[in-house]
Amino acid sequence: MFKIKLSKNDIIERLEITDVTAEGNGVGHIAAPDGSGAAVFVSGAVTGDVIRCKIVKEQKSYYYGIILELLTPSPDRADRGCNVKNTCGGCVFRHISYSAELKIKENIVKNAFVRLGKFPEDSFEYEPIEGCTETDGYRNKAQYPVAADRDGKTVCGFYANRSHRVIPCTDCKLQPDIFSDILRFTMEYVNRKHISPYNEKTGTGLLRHIYIRRGYHSGEIAVCFVVRKNISRELCPLGTELMSRFPEIKSVMMNINPANTNVIMGDKLQCIAGEEYITDTMCGNKIILNPLSFYQVNTPQAERLYAIAADYAALTGTEDVLDLYCGAGTIGLSIADRAGHVTGAEIIPEAVVSAKQNAENNNIRNADFICADAGQAAKQLLDSGRKPDVIITDPPRKGCDELTLDSIVKMAPERIVMISCNPATAARDCRYLADKGYRLVRVRAVDMFPAAGHVECVCLMEKEQNLSKKI
């Protein structure tokens with residue numbers, strides 16, 4: 001039997017790219033005379049490209065390659081601008097037109113439910129992806145790691161793909177222009193005052209990350225310095241100078257994280273200038289935000305996402321709604337005027353405090369919030385006899401745990417609306433629920449992160465008996 005065997009540094013003279021992965025790698029195939037073959041993943045390649053390729057890594061059943069020569073460029077190829085796109089691991093689709101990127105993301109979500117979730121294509125309604133109107137400058141939050149360059153100068157930027165090597169960058173295309181101005185001012189101060197950057201290998205140094213958040217509608221900005229130990233004496237003057245130079249800055253905070261960990265934020269926050277929080281508006285509600293608050297990074301697209309979720313929930317004004325993984329309460333509060341009552345559950349205490357404050361600030365009286373893990377909160381409500389009509393979930397990338405899913409099933413809501421930042425775990429969790437008496441009705445991909453490899457989705461599941469009544 002003929003088998004394809006390539007080694008590192010081998011050259012493929014002509015390789016046609018037929019697909020692109022969620023990581024932004026083009027996919028080509030090399031065929032053997034007996035019909036067998038192997039896949040080659042090529043960074044920076046686009047569906048429709050024909051390339052001359054060099055093998056750089058060999059795996060058991062596939063290879064990784066790089067482009068030596070672009071023989072025929074794909075019509076989907078585009079230069080969307082960025083000086084560090086080839087070294088920073090953030091924008092995996094910046095070399096692809098946005099229309100082509102949307103098709104890729106739409107297929108990622110659909111394939112997750114068909115292939116991983118085992119839902120037949122004709123068994124649910126798959127709606128067109130919701131794309132963004134703003135594909136640059138859309139992020140309202142950024143976290144920049146700080147390091148020393150080869151010359152000993154303190155720099156900030158982003159981690160290179162699959163590493164903790166900092167690529168210096170102060171003008172990311174995904175961030176508002178004012179973030180760049182704030183960063184440049186800050187780095188000049190840090191170097192002038194010799195505030196040392198944190199060293200992950202030795203656990204020494206002071207400044208770990210620079211965190212910036214802006215309210216999309218309010219324009220208010222918060223800056224937070226993540227440090228290894230309390231250096232308020234060094235940072236308070238910087239906070240004062242920042243607020244003087246940039247009137248949009250309303251809050252300058254210091255977050256202390258002494259742990260030798262990949263987790264960015266520590267538990268201790270200290271205000272060093274201005275207020276302890278900023279405000280923004282989400283779906284018409286005033287929201288207070290501190291550096292520990294979860295808040296969708298693309299505000300106008302999050303409002304579209306929540307509108308889709310509200311449409312799926314089909315509220316009439318009387319329903320009892322449970323909002324799991326509620327964060328600062330933005331989803332539940334956005335639908336409270338269409339529900340009888342909303343209960344949110346969130347494990348982060350600061351987020352629950354913010355959610356309660358947000359409800360009070362917006363005069364929303366039919367919402368309450370529980371500080372607990374989603375599974376424990378769901379079980380607690382179940383044990384108390386609570387049986388909501390609609391459950392909304394917005395879990396982290398790992399999805400829902402079994403306790404949460406089992407508690408949801410036992411509560412027997414008429415509808416389950418799942419918002420997910422990971423289509424694979426969403427498909428897995430929907431399959432679990434489908435095996436327990438629910439049917440997947442609608443799915444829609446929502447692009448929250450143009451140029452990046454992530455895509456969100458919204459799913460609607462209904463009890464089988466409810467569906468049979470409609471027929």
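No value in this document is a laboratory result; all are computed from the given coordinates. What you are looking at is a predicted structure, and each value in this text was computed from that prediction instead of being measured. Because the Cβ atoms are built from the backbone with ideal geometry, glycine has one as well, and the counts that use them run over all protein chains shown.
What the table below lists for this structure:
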quantity	calculated
Kirkwood Rh in Å, taken over all unlike Cα pairs in segment 141-282	15.2 Å
Amide N of segment 63-93 lying under 19 Å from the label point, which is placed 7 angstrom from the Cα of residue 171 along Cα→Cβ	79-91
12 Å reach of a label modelled at residue 86, 7 Å along Cα-to-Cβ, counting backbone N of segment 38-68	44, 67-68
For segment 124-168: relative contact order, % (alpha-carbon pairs under 8 angstrom, 6 or more apart)	23 percent
Global form of segment 310-381, assessed from the alpha-carbon gyration tensor, a/c cut-off 1.5	oblate
Nearest-0.05 FRET efficiency for residue 134 and residue 261, computed from C-beta distance (R0 35 Å)	0.55
Point-to-point label distance, residue 11-residue 465, nm (Cα→Cβ direction, 7 Å offset)	7.0 nm
Per-residue Cβ neighbour rank within 10 angstrom, fewest leading, 400, 224	224, 400
Percent antiparallel among DSSP beta bridges (both partners in the chain, rounded to 5)	65 percent
Gain upon complete extension [residue 118, residue 66; 0.36 nm per residue less C-alpha separation]	15.3 nm
Kirkwood hydrodynamic radius of the chain, Cα pairs, Å	24.4 Å
Neighbourhood net charge (14 Å Cβ-Cβ; Lys/Arg +1, Asp/Glu -1) for residue 398	-3
Helix-only mean residue ellipticity at 222 nm for the chain, each DSSP H run of n ≥ 4 adding -39500 (n - 2.57), per residue, nearest 500	-7500 deg cm²/dmol
Inter-site label distance for residue 286 and residue 161 at 7 Å from Cα along Cβ, in nm	4.5 nm
Unit charges at the beta carbon, dipole of the chain: most positive-side option, 330, 256, 180	256
The chain, relative contact order in percent, only Cα pairs under 8 angstrom and at least six apart counted	12 percent
Net charge, residue 143 excluded, C-beta distance under 11 Å - Lys, Arg +1, Asp, Glu -1	+4
R0 of 60 Å, Cβ-Cβ distance residue 412-residue 151: FRET efficiency to nearest 0.05	0.40
Order of 124, 369 under a 10 Å beta carbon neighbour criterion, fewest first	124, 369
Distance between segment 255-270 and segment 308-341 - C-alpha centres, whole angstrom	33 Å
Cα gyration tensor category, rounded, prolate or oblate, for segment 11-72 with a/c compared to 1.5	rounded
Spin-label model distance (nm) - residue 230 vs residue 59, 7 Å beyond Cα toward Cβ	4.9 nm
Exposure proxy order (Cβ contacts within 10 Å, fewest to most) of 311, 49, 323	311, 49, 323
Pairs beyond 24 Å (Cα-Cα), from 5/110; 201/250; 118/436; 141/379; 5/57; 103/173	5/110; 201/250; 141/379
